[in-house]
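Participant: Attaching a single structure in structure tokens format; questions to follow.
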Amino acid sequence: MPTNAHKPPAEPASPRVPGPFTLVVFGASGDLTRRKILPSIFDLWRDGHLPPRFGVVGYARTPMSDDAWRDDLRRGVAAFSRAGAVDDAAWADFARRLTYLQGSYDDPAGFRRLREHLKAGADAGRLGPNRLFYLATPPGAFAPVIRSLGESGLAVPDGAGAWSRLIVEKPFGHDLADARALAKEVRRAFAEDQVFRIDHYLGKETVQNLLVLRFANSIFDPLWNQKYVDHVQVTVAERDGVGARGRYYDRSGALRDIVQNHMMHLVSLVAMEPPVSLEADAIRDEKVKVLQALRPIPADCAADRVVRAQYAAGTVGGEAAPGYRDEPGVADDSATETFVALKLFIDNWRWAGVPFYLRTGKRMPVRITEIGIHFKPVPQVLFGAPPYGPLRPNVLAIRIQPNDGIVMRFQVKVPGAALRLEPYHMDFGYAEAFREGSPDAYERLLLDAALGDSTRFTRSDEVEAAWEFVQPILDGCEGRGGACLAAYPAGSWGPEAADRLIRDDGRGWMLVRRRRRSDVSRGASAAGENAHGP
């Protein structure tokens, strides 16, 4: 083993195991259940993180027998779980815990059958008395399901010491008004401490490590402010197009789908103040303060200050890719953005005057999520002046996906008689440092919800604060329809306007290439440094 390899601590003798409970999945016949939820539950069960008295009840509108649902889930587990192929004995033991009910989401009779099914299973010892309800339905079904849970009495814990909890998938609302209306619907049936608003980004290992990186290492905190940080970049790039999600995505777009949730989470974790403790509300209090300090982008100038674009036909990875409007389910005259770039400011003491540049898009050259902390350049003396300078500033790059890790760019002397400086990348990768694979984000979040740990979930005021920032941008841009919508070829890094957004400030988009540690990749973009591969 290499001398610099870190040996992870041994797993505790008793893994975290919640009390007996039943997971009820609404939308049980859908893709999310088959690809994410049940494979993650199977892996938790296989690894001993679930109690002996545990079961899954699927509820959906599609008519289906228990056995048909189990067969579909077994194919999903084989394809998407960490376990991979499942032997017959293990599957038989797990499958007996799976039952399916067919019903409408606003049908009182269906929810009476569900309540009777849960009570009978608990009385017989097959199902746990605690209930974890998961909304894996389309967003339009959230309110009917929540209303039905309240009216049927299922939202109320069944007995002393028992609990009843609700997991809500993103997006939480289509806009600010819709989010507020949905929040009212939730409050009628559930208390805030019963609600777990899930965003899988918050379950990713590197996102969790942001708090550790910042607050468990004394070298970073003195530099983590406007005195030393020049600017921050956040990139969320997706290689795929909308695929089979065209009909849904055309009502959403990148602002709603990525900026309002994923990117706001990343910004708040990077910029937050140290919490007073590691308790869930202490951490979430600081995240909300960041969102409340965002400088508003008024609707009347949003279209000029925010770059929105839509991918046209192009080439991705050597293969032809259709334009967005040619994707199934997308309107021929769609003005929905698949790319967004914007500059924001956080008006507080720590970040005053430091720009945060955000960009996200589909049909990018690679799939990558990275946060770049760009420090101010050294003074124009000594090595910062000719003939040695100006030098490229130090950068701390936090890679969320793929190849999770942290890279620090700093200057070194090239060996030899001459004094020549080059940037070098000190590279930490999770896969290389910790030999054991990380659990899927959904595994961690499902287990946290069953344990009642809300740290990695979004609180209601955080959702509203994010929407309050994004809503004027939506109003200003959508009011002009396609008039402010640029185009970019699939397989590119977005439109020229996105390069100009950052270039006009004397900066350029940059991503760190992990596989060539002595340099960063240089793109053809006039914006300067840019990544053309992870």
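Rule-based calculations on the coordinates, nothing more; no lab input. Just so you know, these numbers come straight off a predicted model, no measurement behind them. Cβ sites come from the backbone with ideal geometry, for glycine too, and all protein chains shown count toward neighbours.
Participant: With the calculation restricted to Cα positions, what are the radius of gyration and Dmax of region 21-169 in angstrom?
Facilitator: Reported Rg and Dmax, both Å: 14.5, 42.
Participant: Pairs of alpha-carbon atoms within less than 8 angstrom and 6+ residues apart define the contacts here; what relative contact order does the chain have, in percent?
Facilitator: Taking the mean separation of contacting Cα pairs over the length of the chain, I get 16 percent.
Participant: Mean residue ellipticity at 222 nm from the helices of the chain, using -39,500 (n - 2.57) per DSSP H segment of n ≥ 4 over the full residue count, to the nearest 500 deg cm²/dmol?
Facilitator: Calculated mean residue ellipticity at 222 nm is -9000 deg cm²/dmol.
Participant: Now a separate question. With both bridge residues required to lie in the chain, what share of the DSSP beta bridges run antiparallel, to the nearest 5%?
Facilitator: Among the beta bridges of the chain, antiparallel pairing accounts for roughly 55 percent.
Participant: Something else: Tell me which residues come under 5 Å, amide H to amide H, from residue 127 once H is placed; ignore anything under 5 positions away on its chain.
Facilitator: 122
Participant: For the chain, just list the percent of Cα-Cα distances falling in each 10 Å bin from zero outward, please.
Facilitator: 3, 17, 27, 26, 18, 7, 2, 1, 0
Participant: Set the Förster radius R0 to 41 Å, insert the Cβ-Cβ distance between residue 295 and residue 244 as r into 1/(1 + (r/R0)^6), and round the FRET efficiency to 0.05.
Facilitator: After rounding to 0.05, the efficiency reads 0.60.
Participant: In whole Hz, what ³J(HN,Hα) sequence does region 43-56 give by Karplus (6.51, -1.76, 1.60; θ = phi - 60°), x for Gly and Pro?
Facilitator: For region 43-56, the Karplus curve yields 5, 4, 5, 4, 8, x, 9, 10, x, x, 8, 8, x, 10 Hz.
Participant: Another question about this same structure. How large is ³J(HN,Hα) for each residue in region 457-474, as worked out from phi by the Karplus curve 6.51 cos²θ - 1.76 cosθ + 1.60 (θ = phi - 60°), to whole Hz, x for Gly and Pro?
Facilitator: Running phi through 6.51 cos²θ - 1.76 cosθ + 1.60 with θ = phi - 60° gives 10, 9, 7, 4, 5, 5, 4, 5, 5, 5, 5, 4, 6, 7, 4, x, 5, 4 Hz.
Participant: Looking only at region 292-316, which residues have a backbone nitrogen under 15 Å from a spot 7 Å from the Cα of residue 475 in the C-beta direction?
Facilitator: Residues passing the 15 Å test: 296-303.
Participant: I need 473, 373 ordered by Cβ neighbour count within 10 Å, fewest first.
Facilitator: The order, fewest Cβ neighbours first, is 373, 473.
Participant: Go through 170/362; 184/343; 184/204 and tell me which ones have a Cα-Cα distance over 21 Å in this structure.
Facilitator: Too far apart for the 21 Å limit: 184/343; 184/204.
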